[in-house]
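Read through the structure below, which is laid out as structure tokens, and then see the notes.
The values are calculated or read from the model by the stated rules, or taken from the named source; none is laboratory data. All values reported here derive from a predicted model rather than from experimental measurement. All Cβ positions, even for glycine, are placed from backbone atoms using ideal geometry, and neighbour counts span all protein chains on display.
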Amino acid sequence: MTTAPIRLANAPVSYGVFGDLSVEGASSPAELLMTMAEAGYEGSEIGPPGFFGTVDELTDAFASAGLTAVGAYVPLHTQGPDAVLARDLSRMEQTLTELLAVNPDAVVILADEGSDALLANPCHSPALGLDEDGWARLVDVVRDAVRRVEEVGLQPSFHSHIATFVEQPHEIERLLAETPVGLTYDVGHVVMGGGDALGSWRAWRDRVNHVHLKDVHLDVLRRAIAERRTDFDTWWADLCTPLGAGDLDLDGFVAALVADGYRGWAVVEQDRAPLTAADVERVVADQAANRAWASARLGALHPIARRL
């Protein structure tokens, strides 16, 4: 656990930024940060490498908005071809450079990237899980990534994720047992992977060094599984909902964060389809509402930020 008070951040994924996607034509990365600041958020994750442009443009955008860069998501094809994993690690090195420039206390959020078979089979059967050789490879990749992160002085964490090889509670537990990495507790992904929002939190909280707040319509996931849908990105865009409007016991979870003395960042993530110009007003309003929902339950953390 960290020692700072709970602080609220957002992330580019709440504006539909995944992988190499941008918001070109709808907004700019710097403008997104300003909307977060106006809503009262204190920080944001930085998105994929290069999302803000150069390192100088990245640091200028966060400084202008008065926000802290809290971390970055780093996907790793732990079971993919060596050339693909090498590309992932190269992109991670770019992310490390960006984080060191903008906030050397940020969290590097490692994640398995799964496979095409898992994208079509979320909540996978044991037959699609890793065998012993696969686990050995995953553990080696994570340990190597942790070493690279710690060597430059940043803090590593790991994000379990639906439709990957670290999705379900027994997979998360094995990862925690076999690696030293901290855990990014994304309550939405934990529940979708078969965990319990409160029970899993209590089991793993001593390893948690980052938190993602997410609410979801579980029936969207259930239909995708039942219909064996292969268009993951399409149905995923309909899954997340504003905080408090979905099926998770977020009130209970946030109460547990406070009662158990969690100290650190709580990052709102309302994953959505890529942003268009027609979406901007509604998405900005959704993120302001998410901040209001979370801050009301965490207490009056900080005043609403003014435009800087």
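Assorted remarks:
- Each residue in segment 30-41 was checked for being assigned to a loop (DSSP other than H, G, I, E, B) and within 19 Å of Asp271 (Cα to Cα), and 1 of them qualify.
- Within segment 231-266, considering residues that are among the aliphatic types (A, V, I, L, M) and surrounded by fewer than 20 Cβ atoms within 10 Å (Cβ to Cβ), the one farthest from Gly40 (Cα to Cα): Ala237
- Being touching a Pro at 6+ places or on another chain (Cβ under 7 Å), acidic (Asp, Glu), surrounded by 13 or more Cβ atoms within 10 Å (Cβ to Cβ) and closer than 21 Å to Gly195 by Cα is not true of Glu98.
This table checks each residue for (1) on the phi < 0 side of the Ramachandran plot; (2) small (Gly, Ala, Ser); (3) modelled with pLDDT under 95.
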site: Thr78; (1), (2), (3): yes, no, no
site: Leu85; (1), (2), (3): yes, no, no
site: Ser90; (1), (2), (3): yes, yes, no
site: Leu100; (1), (2), (3): yes, no, no
site: Asp116; (1), (2), (3): yes, no, yes
site: Arg137; (1), (2), (3): yes, no, no
site: Val142; (1), (2), (3): yes, no, no
site: Val152; (1), (2), (3): yes, no, no
site: Pro156; (1), (2), (3): yes, no, no
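- Residues satisfying the stated conditions in segment 201-247, i.e. touching a residue at least 24 places away in the same chain (Cβ under 8 Å), charged (D, E, K, R) and part of a loop (DSSP other than H, G, I, E, B): Lys214, Arg228, Arg229, Asp247
- Subset tally (residues that are at pLDDT below 90 and touching a Gly at 6+ places or on another chain (Cβ under 7 Å)) for segment 212-252: 0
Results for (1) within 18 Å of Arg91 (Cα to Cα); (2) touching a residue at least 40 places away in the same chain (Cβ under 8 Å); (3) surrounded by 20 or more Cβ atoms within 10 Å (Cβ to Cβ), shown as yes or no for each residue.
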| residue | (1), (2), (3) |
| --- | --- |
| Ala11 | no, yes, yes |
| Phe18 | yes, yes, no |
| Val23 | no, yes, yes |
| Leu32 | no, no, yes |
| Glu38 | no, yes, no |
| Gly53 | yes, no, no |
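- Flag if Glu45 is surrounded by 18 or more Cβ atoms within 10 Å (Cβ to Cβ) and of a type in the set (D, E, K, R): yes
- Selection within segment 61-93: residues that are among the small types (Gly, Ala, Ser) and assigned to a helix (DSSP H, G or I). The member of this set that is surrounded by the fewest Cβ atoms within 10 Å (Cβ to Cβ) is Ala83.
- Taking (1) closer than 19 Å to Glu113 by Cβ; (2) among the small types (Gly, Ala, Ser); (3) in contact with a Cys (Cβ under 9 Å, 6 or more places away or on another chain) in turn, Gly194 satisfies each apart from (1).
- Selection over segment 267-291 of residues that are out of contact with any Cys (no Cβ under 9 Å at 6 or more places or on another chain) and surrounded by 14 or more Cβ atoms within 10 Å (Cβ to Cβ) gives a count of 15.
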